[in-house]
Amino acid sequence: MQQRQKDGIGYLTFAGLSALTGVRHGIFTRHGGVSRGPFASLNVGRVDGEAPEHVVENRRRVAAVLGGGPLVGIRQVHGRAVKVVTVQDAQDAGAGPATADALVTNVPGVLLMVQVADCQPVLLCDPVHRAVAVVHAGWRGSVVNVVAAAVRTMQDCYGSWPGDLVAGIGPSLGPCCGEFVNYRREIPETLWAFRIGPHHFDFWAVTRAQLCAAGVAPGRIETAGLCTRCRTDTFFSYRKERTTGRFAAVIGMAPEDRPEVSDGSRRTA
Ligand SMILES: [Zn+2]
């Protein structure tokens, strides 16, 4: 991943997604916001004990770094529902967030966000049909294969071919810290192949395998390889800190160019 800085806010980008034109994305660190205490400082999660106005300001800053525009989040519940964001959704700021664990859109100028602290944020882009997705995949999301649901939705809604997709698996609980002492009860046997110690699992590898099984090309999947629990200097980690914030993972298609003059040269791209 590449480290970037804008307006005092640090964020990370994937090389594969950065190479695409007209795509905006970033994995934000915990720094550069207004939250205090355990939520310091760029917390975008509406968690107990946090001041709502701080979350609003932090989300505004996140969107501004990527050029602004509606920033659409979801109420995440560790399921496999995918919210398709339309022009109407983007304009209807009064409606509360949908309950889902993935967002997809092909509306230019809309930013999709998930909020995480150990769960995997997965970004997807179809550069052919100009569509994007962001997925919240904790271990429960991996068990229900929420990333495959997001790929399937892009196929159904936009005609995406999985082989065209470019994917990024963001900072999250790494194999170093992915301890599941009750794995025999919690994790289905189909995922036991990803157990790397007595009780440790590599959920980055699970997501990669699930994306590949959904048809995404292995060479188009990038893994940040950064463990949030090991890196609380940079990211929020629920396992390490318990009372903590959530950092933002965001992707969107850039706004379309406005026609400058009505001289018949209006661009349609
Ligand atoms: Zn770790």
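The values are calculated or read from the model by the stated rules, or taken from the named source; none is laboratory data. Remember, it's a predicted structure, so these values are computed and weren't measured experimentally. In this analysis, Cβ positions are derived from the backbone assuming ideal geometry, glycine residues included, and neighbour counts consider all displayed protein chains. Ligands, DNA and RNA are excluded from the accessible area calculation, which covers all protein heavy atoms including side chains. Shrake-Rupley method; radii C 1.70, N 1.55, O 1.52, S 1.80 Å.
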From the Cα centre of segment 31-54 to that of segment 6-25, the distance in Å is 23 Å
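How big is the charge dipole of the chain about its Cα centre, in debye rounded to the nearest 20, if each Lys and Arg gets +1 on its Cβ and each Asp and Glu gets -1 on its Cβ?
Using Cβ point charges on Lys, Arg, Asp and Glu, the chain gives about 460 debye.
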Projected onto the charge dipole of segment 132-269 (unit charges on the beta-carbon of Lys, Arg, Asp and Glu, signs +1, +1, -1, -1), the Cα from 253, 215, 176 with the largest positive-side position is that of 176
Contact order relative to length for segment 1-88, counting C-alpha pairs under 8 Å separated by 6 or more residues, stands in percent at 18 percent
Ranked by GNM mean-square fluctuation in the chain (Cα springs under 10 Å), the top entry among 12, 20, 112 is 20
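Relative contact order of the chain: what whole-number percent is it, with Cα pairs under 8 angstrom and at least 6 residues apart?
Over the chain, the number comes to 23 percent.
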Taking Cα atoms only, helix 52-65 is inclined relative to the longest principal axis of the chain by an angle, in degrees rounded to 10, of 60 degrees
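Considering Cα pairs under 8 angstrom that are at least six residues apart, work out the relative contact order of segment 126-206 and quote it in whole percent.
RCO, segment 126-206: 30 percent.
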For residue 112, other-chain or 5+-apart residues with amide H closer than 5 Å (H placed, Pro excluded) are 72, 251, 252
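Taking the Cβ of residue 181 as the center, what net charge do the other residues with Cβ under 13 Å away carry, scoring Lys and Arg +1 and Asp and Glu -1? Present the calculation step by step, with values, prior to reporting the outcome.
On the way: positive: 184, 185, 195, 239; negative: 179, 186.
Taking every other residue near residue 181 into account, the sum is +2.
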Expected max-MSF residue from 191, 103, 173 in the GNM of the chain (alpha carbon, under 10 Å) is 191
The helix 203-213 Cα axis meets the longest alpha-carbon principal axis of the chain at an angle in degrees, between 0 and 90 and rounded to 10, of 50 degrees
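Using a probe of 1.4 angstrom, how much of the accessible area of the chain is carbon and sulfur, in percent? Kindly include the intermediate steps, with their values, before the conclusion.
Details: 5980 of 12050 Å².
Of the solvent-accessible surface of the chain, carbon and sulfur hold 50 percent.
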To the nearest 10 degrees, the tilt of helix 146-158 (Cα long axis) against the first principal axis of the alpha carbons of the chain is 20 degrees
Long-range share for the chain, i.e. C-alpha pairs more than 25 Å apart as a percent of all pairs, stands at 42 percent
